[in-house]
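In what follows, a single structure is set out as structure tokens and then discussed.
Just so it is clear, none of the values below were taken in a lab; they were calculated from the coordinates. The shown structure was predicted, so the numbers you read here are calculated from the model rather than taken from an experiment. With ideal geometry, Cβ positions are generated from the backbone for all residues, glycine too; neighbour counts draw on all protein chains shown.
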Amino acid sequence: MGAPDAAHATLDEQALVEACLANQPGAFDVIVERHRRSIYLLCYRFVGNHEDASDLSQDVFLRAYRGLRKFRGQASLGTWLYRIGVNVCLNRVSTRAPAVESIEERQFVDERAEAPSEAILRAERSARVRAAIAQLPRKQRATLILRTYHEMSHQEIADVLGSSVGAVKANFFHALGSLKRILGGEDA
Amino acid sequence: MHLTPDQLVDLADGVKPESSAPHLADCAVCRAQLNGLRATMSQVADVEVPEPSPLFWDHLSRRVSDAVAREDAGIARLKGSRSLIGTLFGGARAFQASVLLVAALIIVVFVTSRTKTPDSSKARAVAAARDVWSDGIVADADTDDSLTIVASLTAGIGLEAAGEAGLALDGSAEHAVTHMSDGELRELQRLLREEMARPGA
């Protein structure tokens with residue numbers, strides 16, 4: 001796949017979806033290019049390593065391609081893709097314990113803005129928090145990730161997870177409580 | 001009364017201002033809980049995803065594109081197969097009708113085979129064996145000591161019990177006899193008579 005063609009690059013979401021359904025070559029590439037970063041980040045937050053995040057991202061887009069006819073445009077394409085992404089990730093983490101990436105395995109660390117020692121300390125803290133998040137029950141983890149890193153509202157999270165706003169708030173509350181316990185226990 | 005988890009989350013998330021919960025000003029427990037939630041949120045928010053190589057994004061797009069192309073090729077092959085079958089059977093409606101016909105035939109064959117109960121075939125086999133015995137063809141068995149021992153050991157075992165005990169395995173002669181049609185049983189009976197009637201048998 002090369003760069004998505006200019007004809008599709010300016011289309012809005014609904015027009016892009018229609019172009020895909022009309023089998024116009026290159027239309028789906030534009031959708032992938034627009035959303036690949038957010039989907040990859042979502043997947044990484046769930047699994048904590050680059051390899052699995054790449055595989056899951058591909059899976060998310062492939063499922064989206066297969067299910068494009070079901071996209072009705074009631075939610076944004078981004079929200080719809082998130083929903084697929086969360087389901088794919090939840091299925092993965094329920095069948096496999098996440099292999100959280102070690103600091104050495106990190107792909108690319110931008111250390112230009114800080115001293116190397118500070119960067120390493122920050123990376124260690126991040127690794128600890130990611131490992132703690134990986135221990136959370138699935139719904140709590142999904143809620144925490146969508147709220148904290150993707151800044152979705154409680155209602156949007158409820159839509160993505162197919163639950164109520166009350167359940168989202170309860171999951172978020174319990175997720176934070178569990179994290180506090182896990183991280184506090186490590187510090188002790 | 002203390003704040004509920006729902007209220008605490010709204011306050012920690014900034015969905016509602018602290019002024020909406022005057023209870024906070026008087027309750028150290030709820031204040032501490034709210035501060036704890038905020039501290040954990042801040043700790044979690046600080047975690048960054050390591051930036052992948054700048055080349056990764058195009059690589060990901062290519063992977064997705066290849067996977068989509070494979071998917072399309074698979075669907076095209078499937079459609080091709082269906083249209084070939086459709087052509088062979090003369091159109092979609094004829095194809096559906098032929099599928100229904102095949103299904104009906106399978107059901108008829110299945111039901112027919114079920115109505116031939118194992119009991120009746122067993123009874124036929126026993127009757128055939130009795131005929132052979134009554135004709136005196138195997139009368140010499142009484143005088144053969146080894147057969148007498150075998151007969152006494154297996155006196156209480158029927159063909160079915162032998163099959164259940166694993167003595168009549170698929171492909172064995174016993175299994176073949178207990179699963180014969182009427183015509184096959186008659187033919188076996190005839191062959192046995194011929195064989196036993198030969199001089200020196």
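Full-extension gain between B:Glu187 and B:Ala39, please, as 0.36 nm times their residue separation minus the C-alpha to C-alpha distance.
Length gained between B:Glu187 and B:Ala39: 44.2 nm.
What is the Cα centroid distance between the range A:1-52 and the range A:137-163, reported in whole angstrom?
If you average the Cα positions of each part, the centres end up 22 Å apart.
Considering every residue in A:61-68, what mean count of other chain Cβ atoms within 10 Å of its Cβ is obtained?
The mean count of partner-chain Cβ atoms within 10 Å per residue comes to 3.
Taking neighbour counts of Cβ atoms within 10 Å as a proxy for exposure, in what order, fewest first, do B:Trp57, A:Trp80 appear?
The fewest-first ordering by Cβ neighbours comes to B:Trp57, A:Trp80.
First select every other residue whose beta carbon is under 15 angstrom from the beta carbon of A:Gln14; then total the charges, Lys and Arg +1, Asp and Glu -1.
With Lys, Arg at +1 and Asp, Glu at -1, the neighbours total +1.
Calculate the mean, over all residues of peptide B:49-60, of how many other protein chain Cβ atoms lie within 10 angstrom of the residue's Cβ. The partial results should precede the final answer.
Numbers: counts 14, 13, 5, 10, 3, 1, 0, 7, 5, 5, 1, 11.
Mean shielding by partner chains, rounded to a whole number: 6.
Rank the residues A:Cys20, A:Cys43, B:Cys27 as a footprinting-exposure proxy: fewest other Cβ atoms within 10 Å of their Cβ go first.
The order, fewest Cβ neighbours first, is B:Cys27, A:Cys20, A:Cys43.
What order do you get for A:Lys169, B:Lys16, A:Lys70 when you list them from fewest to most C-beta neighbours inside 10 Å?
A:Lys70, B:Lys16, A:Lys169
Is there a simple number for the mean count of other chain Cβ atoms within 10 Å of the Cβ of residues in A:73-86, and what is it? Please report the intermediate quantities before stating the final value.
Numbers: counts 0, 0, 0, 0, 0, 0, 0, 0, 0, 0, 0, 0, 0, 0.
Average per residue, whole number: 0.
I want the local charge near B:Ser20. Using Cβ-Cβ distances under 14 Å, sum +1 for each Lys or Arg and -1 for each Asp or Glu among the other residues.
Residues near B:Ser20 contribute -3 overall.
For the pair A:Arg138 and B:Arg70, what calculated FRET efficiency results from E = 1/(1 + (r/R0)^6), where r is the Cβ-Cβ distance and R0 = 22 Å, to the nearest 0.05?
So, using R0 = 22 Å, E works out to roughly 0.15.
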